[in-house]
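What follows is a set of notes on a single structure, which appears directly below.
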Amino acid sequence: MLDQINEVFFEEANELLESLEGYLLSLEENPTDKEIISAVFRVMHTIKGSSGMFGFDAISSFTHEVESAFDTVRNGTAPVTPELIKLTLQSRDHIMDMLNGNISEETSSQLINTFKQLMAPYKNGTAAKPVQQEGSKPVPKQEAEEVPVMKTTISSSKDQSSSASSTWRISFTPSPSILCNGTRPSLMIKELTEMGDATIILFTKNIPPLSQIEPTTCYLGWDIILTTSQSQQDIQDVFIFLDETSIIKVEPINVSDDVTHKIGEILINRRHLSQEALEEILSQRKPLGQMLVENNLITSESLHSALAEQEHIKTVAKTKENSQSNHPQSTAQQSIRVSSDKLDQLIDLVGELVTFNARLGQHAQMANNPTLLMLSEQSERLIIALRNNAMDMRMLPIGTIFTRFRRLVHDLSADMKKNIELVTEGAETELDKTVIEKLNDPLIHMIRNSVDHGIETSEERIAKGKSPQGTVKLIAQHAGAFVLIIISDDGAGLNKEKIYKKAVDKGLVAPGTDVSDNEIYNMIFLPGFSTADKVSSVSGRGVGMDVVKKDITALNGTVTIESRPGEGTDFILKIPLTLAIIEGMLVQIGSSTFVIPLSNIQECMEFKPERGDDGKICSHITARGEFLPYINLREWFEIDDPMPSSQQVVIVNDQDSSLGLVVDKVIGNNQTVIKPLGDLYKNAEGLSGATVLGDGSVALILDVFKLSNVVKRTEATV
C-alpha cells in the first residue's frame, strides 16, 4: 500500500516539475505575469508539502527555499530576473535528481546559498515595487486564513466566461489533527479560489472558549461554492494528499436557466433538511430561514451557507444568461489516471478480437448461415467502435513533448552564445502515445542540429541583414493517416559543398561524381558523418542524425530535407498515426497474401503494361493520362506461382509522388492488426510488418515508402 502511495507521489511530482519548466520559460518572456508567478509558487508549495508528508524531508527542505523566494516575488517585494529563472531551472533539475534517488547535500547547499544571496536585497520588503499587470487588481496583503468575515466572495483573474464552466459545492471539514503533519488548510482554500469564482463560508461553531483552545488543533470547517472551467478531478486533486480522517465532498450544482434555487431546495439538496420538515415549516407562513433556525431544524451557520450559495448561483446564472449567445455551454469533462500498461493490454485484446471476428466472419460465409452472418456483421460493428475508442484513448497531443524542447533550445542558446527562439505550431495534433514516446530522441537530435549547424550567431545574422534572433519552428499537422512534423530554422541552410567534400574525404563518394542535391543532403544521415570543425558537447562526433534516420524508419516513417542557401533548412518527418491497428487492402500474388495500408491507396485498375515492359521489376504505365512508374511485386518478391490471365495495379502515393504496385488480384478491405517481423526479416526491403488473417494464415504488410525508394533507385541507374 505504501509503495502505491509513493508511486502516486512520484507521478504527481514529475508532472508538476514538467509543468514548472514550461512556467519558468514563459515567465522569462513575461516576467510581470502574475498568474505564472502564482503557478510557480503553487508547484513549489505542493511539492514541498507532499514530499514532507511522505517522509522525503530532504526534498521538502530544499523546495521550501525556492518556495520562499517566489513567495517574495508573489508579494511584489522582489522582481523576476534572468538570474532567478536560471537558478530556479537548476533547482528544478536538482529536485528531479532527488526524486530519482540522487540526493547531493552539497548541491542542495550551494543552490540554497545562491537563493539566499539573490533574495537578500529584498528582505526588508522595500527593494522592489509590487509585480502587477496592467488592468489587474492589487495584490491582497492578507492570505485566505486572515479573512475574518463569515462569507467571502473571490473572483479569479481568469475569465470564466471564455470557456465552459460548472458550479460545485465543496464541503471541507479538516481533521482536528491536520495541522500536526504540516498541512495548511487555508492554502488549499486559496488554491480553490484561484480556479475560478468562489464564495467561501467559514464555520466557526466548534471553536471552544479561549482558555480551552489547543494551538495544534483545527476547529474550523468550510463550504466553498466554486464556478470554474476545471473538472471535478482537478478540484479533488487539490486535496489529493489530505489525511484519511479529513472529510471532503465535491458535488455539482445545477445552474441551468430552468432551475430556481430556493433556500429550502438548497437545504434539502445538502441533506440538512427533509421534505416533510420543510412543508410543515412553510405552513406556518413565516420567513423560512427564521422558522428553520427557531425550530432547531438547521443551524444558523447552515442557513448562512445556503444563503451564500443562493446568492452565488444567482450571480452565475445571470452571467451565463448574458453570455449564452456568444458562449455555448457544455458540461465539464472528467478524467481519471490509467496506467499506460493497461492501455497497451486493452489494445492487444482489441487486436485479438479483430482477428477472432475475421475468423468468425469467414466461418459464417463458408457455412452460409444467415443468422451467423448477421451476428458476425453486428460483432464487426461493435469491435470497430471498440477499436476506435481504444485507439482514441491512446492518442495524445504532440504538445506533450513539444514543451520539453523549449528548455533544450533555451539551454543550448545560452551555451553557444546565440539568440534563438523556439516557435511551436499544431501542438494539439494527436498521435499514438507509443509513437510520441519514440519521437523524443529524433526530435532532440534534429533541434540540436538546427541550433548548432543551422542558426548563425547574432553578429553573423546582422551582417547578412537578418534579425539578430534566430527562429526554430516545430510544426505538426495531420496528413491523412499520417502526421507531418516539420523542424524548420531560418539559418544559413545546408552547405552542399562542405558536405560533398566531407563525403569525398571519407571515401563515400568518388571525386568528380555527379550527385543530386537530395543525395548530398541525405549524407548527413550516414553513421559517423559530421561537418563540424571540432568536437563539442553538442556536435562533432557524427552521432545523432544517423539515429534519427534509424528511429524514424523503425516507426515506418520517412524523413526528407529541404534546404534554402542563406535562408534555412526544413526537416520533414512523415509518421503514421498509430503502430497498432490500421485499415488495409488485401491483395493476392500467386498463393501469397499481402496488405497495403488503405491510407496510401489512390485507386485500383486493370494492369495494361506498355509493350516490352512485361517481366520487368520496374517500368512505367499510363494511368488516366499520367505516366507513372510501377513495381511488379511478383517479380520483386520472386513468386513463381502460375501467372493469372489478368493482373491489377494499385496506385499508391508516398510522400511526394505516386507509383503503381502490380498484383494478381485485389481482395478487399481488412482491419489489420500489425505484428512486428522477427529479427530474421526485420530488414526485408518493402515490408513493414505482418498480420494474422481470419483463417490463421499470415499476410505481410507492404511498406509503400520503401517500395517507392526501390523505384527511384532503379530509375536513377537507368
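The values are calculated or read from the model by the stated rules, or taken from the named source; none is laboratory data. Just so it is clear, the model here is predicted, and its values are computed rather than measured. Ideal geometry is used to build each Cβ from the backbone, glycine not excepted, and the neighbour counts take in all protein chains shown. We work out accessible area using only protein heavy atoms, side chains counted, and drop any ligands, DNA or RNA first. Shrake-Rupley method; radii C 1.70, N 1.55, O 1.52, S 1.80 Å.
Numbers below:
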read-out: Highest to lowest packing among 658-668, 193-203, 98-108, scored as the average C-beta count within 10 Å; value: 193-203, 658-668, 98-108
read-out: Accessible-area order (highest first, 1.4 angstrom probe) of the listed residues SER246, SER339; value: SER339, SER246
read-out: Neighbourhood net charge (12 Å Cβ-Cβ; Lys/Arg +1, Asp/Glu -1) for VAL250; value: -2
read-out: MET643 versus GLU105: modelled label distance in nm, points set 7 Å from Cα along the beta carbon direction; value: 8.4 nm
read-out: Sites GLU562 and THR217, calculated FRET efficiency, Cβ-Cβ separation with R0 56 Å, nearest 0.05; value: 0.20
read-out: Chain lengthening between LEU508 and ARG359 when straightened (0.36 nm per residue, less Cα-Cα); value: 48.5 nm
read-out: Cβ crowding within 10 Å averaged over residues, with 519-526, 643-650 ranked highest first; value: 519-526, 643-650
read-out: Accessible area (Å², 1.4 Å probe, nearest 10) - MET395; value: 30 Å²
read-out: Nitroxide proxy distance, nm - points 7 Å out along Cα→Cβ at LYS675 and LYS464; value: 5.2 nm
read-out: With all protein chains modelled, accessible area of GLU294 [1.4 Å, Å²]; value: 100 Å²
read-out: Accessible-area order (highest first, 1.4 angstrom probe) of the listed residues GLU65, GLU352; value: GLU352, GLU65
read-out: Accessible surface of ASP33 - all protein chains present, 1.4 Å probe, nearest 10 Å²; value: 30 Å²
read-out: Label-point gap, in nm, between ASN389 and VAL547 - each point 7 angstrom along Cα→Cβ; value: 4.0 nm
read-out: Protein-only accessible surface order, largest first, of SER376, SER467, SER688 at 1.4 Å; value: SER467, SER688, SER376
read-out: Percent accessible area from carbon and sulfur atoms, the range 202-250, protein chains only, probe 1.4 Å; value: 52 percent
read-out: The range 466-516 - accessible surface per residue (Å², probe 1.4 Å); value: 49 Å²
